[in-house]
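Okay, so here's the structure we're looking at.
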Amino acid sequence: MAHEHQHDHHEEGEVRSSLVRIIAAAFLLVAAVLVEKRFNLSTWQLLVVYLVPYLVAGFGTLREAAESLVKGDALDEDFLMSIATLGALGIGFLPGAEPQFTEAVFVMLFFQIGELFEHIAEGRSRRSIAHLMEIRPDTANIEREGAVEQVRCETVSVGDVIVVRPGERVPVDGVVLEGRSSLDTSALSGESVPRSVVPGDGILSGCVNIAGVLRVRVTREFGESTASKILELVEHASDSKSRSENFITRFARIYTPIVVAAALLLAVVPPLFGGQFSVWLYRALMFLVVSCPCALVLSVPLTFFGGIGAASRKGILVKGSNYLEALSRLHTVVFDKTGTLTQGVFEVTAVHPEIIEERELLHLAAHVERFSTHPIAASLRAAYPEEDADGCRVEAVEEISGQGVRAVVNGRTVCVGNSKMMDAAGAGWHACHKTGTTVHVSMDGEYMGHIIISDKIKSDAAGAIQALKAEGVQRTVMLTGDGEAIASAVAKELAIDSCYAGLMPDGKVSKVEELLAGMPHGRRLAFVGDGINDAPVLARADIGIAMGGLGSDAAIDAADVVLMDDKPSKVADSVKIARRTIRIARENTWFAIGVKLLVLALAATGVATMWMAVFADVGVTVLAVLNAMRALATHHRLQ
């Protein structure tokens, strides 16, 4: 973090220095113009006067051009601008030519203004990403031999106990041992609503402890904790370039030499057929000014960087700009069910007693399932939390494989399980038409009723499907290992186009491959999942989107996009950000190419002036960079 602050100070110093040079050069240029108007100086004397503001504004550019020439990379914007302005300074010494000193200094001055805008814009984009560095603290409070001491996070090991005080950021992932509090998770998920934690809850590094003191047992080392992984993802997000960025790079490599050759021919060929050399040299110099591709080379990557920054602020981590481009061309989104569209936690959703009260039915089931570790047993105990404090005597607990659990509760035999257990107990059970797992209860062979347990659908799941369709996604699909009845009910409730049930992990991969084979040309398929068994299909899809809050490490590593708050609605947000980013990049591309080609044509025919050439280069660059910054502001429009 200290390094980051030093970088920020260095960056601010560079901006201030550039601004001072520009202002000084502007004043010196005004002074040079006044001297030219007031005194009748020779061309050589005027050159000396104008060289002062020229060198103040452009010394850095001339130095960069010289270094590029030494390295053999002569056709960059610094070299082109240096040749064009030096040529403009020298053109007045040709027979019959008018001096262009003012234009030469103005071109260099405006080039520096454009560079300043680019530097400020890049700094803003970098800071939008760099704010994430704050989520990873440098130190942790560790308990050792009864005392609490502050140590560097890298020295904390799995199993250590740390103390997180109110206002402090959680340094590493862990499980709460003591204390109750609320956590601000906005740095990870983009959500402002605090999350309550109690003993037994897992907490992630990067969250801020709002209220009470927490004792936490460390479950992951510093380098493997959530905050560190997020930073690693974001820091490497720009490594994978999109097709648009690659196109711009290739375009600049081809376009710039062609324009330079055209400028050379424009300066040499017409004078051979009687044209005035100074006139055609001036047009050739304008060609060089216009030809700088910096508007494209800078604004398009900056647009993608801004899009990734906007996504990160929404709790969406995109591992590369190529995935932003793929998201913008999304045709089909395939969802895993459990933990992705549903919460992955079983709970009682309906109670149907026969001859006793609802509460009594839950009471019996919770007693019998007292010692079971099955998720269904946990949900029954959660529905009747007073089970272990009501004084009932539970004996002879027996788990019967494939059927359920039988126990003696206050001297009466209670069976809790499926229909096979009811048949074995001689209890006449009733079928249930509600979706979910049916748990039947009998007492001394008499049917007491049944309880429905199901995996609850996430609150924003239905809205997520609607939002995707509103964004132009043509098809939504759900894959699950659950039975057909449960899968169909969930798909119907969420208005998912099609679902496939009873699939093992390899079956999910096969189904995704089948869907990929039928994908229209140029369109993309995304798979959204959270479990370790989703890693193969996440890697196989065009875009793998993992639930990062509760998802497994394998799923997050295999994914291309990570949603930090496990909300399926963020899939639509990521598509919206991606499409907006691509639209801005295309606007910049066509605007820059269009203006440059127009001014190049006007320069060749003698209609354009050096001022038009300056606008075609610096003006277009500034406008393109300002437009690119809109991508960074995307998160404000997604509420």
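The values are calculated or read from the model by the stated rules, or taken from the named source; none is laboratory data. Since we're looking at a predicted model, the values are computed, not measured. A quick note on method: Cβ atoms are made from the backbone with ideal geometry, for glycine too, and the neighbour counts reach across all protein chains shown.
Please specify each residue of segment 414-465 satisfying the condition of being among the small types (Gly, Ala, Ser), surrounded by 22 or more Cβ atoms within 10 Å (Cβ to Cβ) and in contact with a Gly (Cβ under 9 Å, 6 or more places away or on another chain).
Gly417, Ala425, Ser442
Could you please find all residues in segment 447-470 being among the charged types (D, E, K, R) and modelled with pLDDT of 90 or more?
Lys469
Among the residues of segment 339-368 satisfying the criterion of being among the charged types (D, E, K, R) and out of contact with any Ser or Thr (no Cβ under 9 Å at 6 or more places or on another chain), which is nearest to Asn418 (Cα to Cα)?
Among those residues, the one meeting the criterion is Glu354.
May I ask you to list the residues in segment 480-532 that are part of a helix (DSSP H, G or I), in contact with a Gly (Cβ under 8 Å, 6 or more places away or on another chain), of a type outside the set (A, V, I, L, M) and surrounded by 13 or more Cβ atoms within 10 Å (Cβ to Cβ)?
If the condition is that a residue be part of a helix (DSSP H, G or I), in contact with a Gly (Cβ under 8 Å, 6 or more places away or on another chain), of a type outside the set (A, V, I, L, M) and surrounded by 13 or more Cβ atoms within 10 Å (Cβ to Cβ), then no residue fits.
Report yes if some residue within segment 332-339 is modelled with pLDDT of 80 or more, part of a loop (DSSP other than H, G, I, E, B), surrounded by fewer than 20 Cβ atoms within 10 Å (Cβ to Cβ) and at negative phi; otherwise report no.
For segment 332-339, residues modelled with pLDDT of 80 or more, part of a loop (DSSP other than H, G, I, E, B), surrounded by fewer than 20 Cβ atoms within 10 Å (Cβ to Cβ) and at negative phi: absent.
Can you pull out the residues in segment 286-297 that are crowded, with 24+ Cβ neighbours inside 10 Å and either modelled with pLDDT of 75 or more or not in a loop (DSSP other than H, G, I, E, B) (or both)?
Met286, Phe287, Leu288, Val289, Val290, Ser291, Cys294, Ala295, Leu296 - these are the residues of segment 286-297 that are crowded, with 24+ Cβ neighbours inside 10 Å and either modelled with pLDDT of 75 or more or not in a loop (DSSP other than H, G, I, E, B) (or both).
Identify, by number, the condition in (1) of a type in the set (A, V, I, L, M, F, W, C); (2) at pLDDT 70 or above; (3) touching a Cys at 6+ places or on another chain (Cβ under 9 Å) that Phe101 doesn't meet.
If we test Phe101 against (1) of a type in the set (A, V, I, L, M, F, W, C); (2) at pLDDT 70 or above; (3) touching a Cys at 6+ places or on another chain (Cβ under 9 Å), just (3) comes out false.
Restricting to segment 581-619, and then to whatever is buried (at least 21 other Cβ atoms within 10 Å of the Cβ) and under 28 Å from the mean Cα position of the chain (by Cα), can you tell me which residue is farthest from Ala326 (Cα to Cα)?
The extreme case among them is Ala592.
Quick one: Ala495 ticks every box in (1) under 15 Å from the mean Cα position of the chain (by Cα); (2) at pLDDT 85 or above; (3) on the phi > 0 side of the Ramachandran plot except a single one, so which number is it?
Answer for Ala495: the failing condition is (1).
Identify, by number, the condition in (1) buried (at least 17 other Cβ atoms within 10 Å of the Cβ); (2) without any contact (Cβ under 8 Å) to a residue 40 or more places away in the chain; (3) within 30 Å of Val571 (Cα to Cα) that Arg475 doesn't meet.
Every listed condition holds for Arg475 apart from (2).
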